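Note sheet for the following structure.
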Amino acid sequence: MNDEHTEPAAPGPQPQTWSGVRTGPLQEGEWVTVTDPKGKRKSLLLQSGHTYHTTKGGVPHDEMIGGPDGNTVITAGGMGLLVLRPLLSDYTVTMPRGAAIIYPKEAGQIVLAADIFPGARVLEAGVGSGGLTLSLLRAIGPHGELHSFERRPDFAEIARSNVRTWLGADPPGWHVHVGDLVEQLTAAPDDPAEVDRVILDMLAPWDCIEAVRDRLAPGGVLCCYVATTTQLGRVMDTIRTVTGFTEPQGTETMTRDWHAEGLAIRPAHGTGSHTGFLVTARRLAPGVVAPMRKRRPAAGAYGPDYTGPRPAWVPTLAEVHGDADPTTDWGRLG
Ligand SMILES: C[S@@+](CC[C@H](N)C(=O)[O-])C[C@H]1O[C@@H](n2cnc3c(N)ncnc32)[C@H](O)[C@@H]1O
């Protein structure tokens with residue numbers, strides 16, 4: 001269903017909430033999800049006079065328009081179809097993509113782990129296809145501010161189009177900045193001047209930690225989504241090294257579908273694959289340094305094979321051995 005939300009936006013945004021949620025009878029111009037008896041789903045833009053065709057015959061859109069959400073219709077060949085408005089999570093996984101999206105299981109987790117609240121000032125980068133953007137916009141509500149940075153203009157356009165399709169228009173308080181995050185922040189010291197929350201979803205978030213730290217309000221939350229263990233390690237050590245943050249916390253979110261019919265109760269087949277890790281940390285007040293860690297790193301954690309950033313409390317190889325090669329011992333800032 002990936003390329004199907006490409007037609008004009010549905011009418012009737014609800015500017016009082018900007019949630020994208022519609023209620024009441026289905027209207028022409030709205031997207032619905034049609035599910036057949038085998039569970040196969042298809043997104044459909046309701047248009048009067050059009051027909052939805054299946055291998056078991058067609059069904060006129062007019063039989064769905066004016067009907068309730070959660071209705072069934074019957075094709076000419078007698079197949080029953082379930083008609084429902086998509087939820088935000090349904091829409092997010094089926095909308096057109098440039099870059100890979102953050103899946104709903106992590107988007108939901110990010111909203112809570114990063115404590116996104118109504119009215120929050122949030123910075124996200126990169127915006128990619130706008131998958132996370134949609135959840136952030138919903139969580140901040142009409143009085144929040146979301147600054148979405150994306151260095152690829154084509155991806156920023158896809159994100160804009162996805163947001164407009166879901167919400168019907170650009171929501172108030174949403175600012176799309178096209179360009180590299182660090183370059184944009186450096187060029188515009190007041191845009192945004194300060195944010196409450198920062199979410200980074202990009203290949204190399206460690207390149208941006210220092211720049212976003214300086215825009216994050218004291219007590220604010222930094223949350224990075226990364227896909228691999230090497231990224232996880234590097235971003236956590238960078239957060240420790242640049243200072244100004246609490247000790248970062250790394251987590252993985254796992255969900256597993258279950259099959260439960262009568263006595264046949266077991267994990268569902270084919271679910272539970274890895275998607276990503278979240279790293280969160282809180283911003284300290286300017287000039288405040290977190291108390292020195294009492295716990296020693298595991299033996300060898302920052303040994304000769306480690307070439308990444310070195311937190312202040314980790315001795316450099318030269319300090320340990322006195323004779324380390326300065327060309328390979330990268331010192332504290334890696
Ligand atoms: C995985 S995608 C983001 C997906 C997005 N969060 C979503 O849910 O749809 C990563 C994006 O970050 C952008 N990006 C990477 N580094 C960046 C940087 N330094 N500044 C701005 N955007 C960046 C890439 O162009 C890419 O579109």
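The values are calculated or read from the model by the stated rules, or taken from the named source; none is laboratory data. Everything quoted here is computed from the prediction, not taken from an experiment. Counting neighbours? That spans all protein chains shown, and the Cβs are built from the backbone with ideal geometry, glycine included.
Checked against (1) over 20 Å from the mean Cα position of the chain (by Cα); (2) at pLDDT 95 or above; (3) at negative phi, TRP258 passes all but condition (2).
From the list GLU210, GLU145, the one residue that fits, being in contact with a strand residue (DSSP E or B) (Cβ under 6 Å, 6 or more places away or on another chain) and closer than 18 Å to ARG283 by Cβ, is GLU145. Take GLY12 and tell me if it is at pLDDT below 95, at positive phi and not acidic (Asp, Glu). Yes, satisfied. The residue list ASP191, ASP170 contains one member that is surrounded by fewer than 18 Cβ atoms within 10 Å (Cβ to Cβ) and within 15 Å of the ligand (Cβ to nearest atom), which is ASP191. Restricting GLY119, GLY141, GLY108 to those that are more than 9 Å from the ligand (Cβ to nearest atom), in contact with a Pro (Cβ under 6 Å, 6 or more places away or on another chain) and in the same structural domain as GLU194 (by TED's automatic domain parsing) reduces the list to GLY141.
The rows are residues; the columns are (1) closer than 23 Å to ASP115 by Cβ; (2) in contact with a Ser or Thr (Cβ under 6 Å, 6 or more places away or on another chain); (3) modelled with pLDDT of 85 or more.
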{"residue": "GLY270", "(1), (2), (3)": "no, no, no"}
{"residue": "VAL279", "(1), (2), (3)": "yes, no, yes"}
{"residue": "ARG282", "(1), (2), (3)": "yes, yes, yes"}
{"residue": "ARG295", "(1), (2), (3)": "no, no, no"}
{"residue": "ALA299", "(1), (2), (3)": "no, no, no"}
{"residue": "ASP305", "(1), (2), (3)": "no, no, yes"}
{"residue": "PRO309", "(1), (2), (3)": "no, yes, yes"}
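Step by step: first the residues of region 43-62, then only those that are over 35 Å from the mean Cα position of the chain (by Cα) and buried (at least 16 other Cβ atoms within 10 Å of the Cβ), then the one that is farthest from GLU28 (Cα to Cα). Which residue is that? Within region 43-62, the match that is farthest from GLU28 (Cα to Cα) is LYS56. Only one entry in VAL73, VAL83, VAL122, VAL111 is in a strand (DSSP E or B) and either surrounded by fewer than 18 Cβ atoms within 10 Å (Cβ to Cβ) or without any contact (Cβ under 8 Å) to a residue 40 or more places away in the chain (or both), namely VAL73. Considering ALA113, ALA156, the condition of being hydrophobic (A, V, I, L, M, F, W, C), within 11 Å of the ligand (Cβ to nearest atom) and modelled with pLDDT of 95 or more is satisfied by ALA156 alone.
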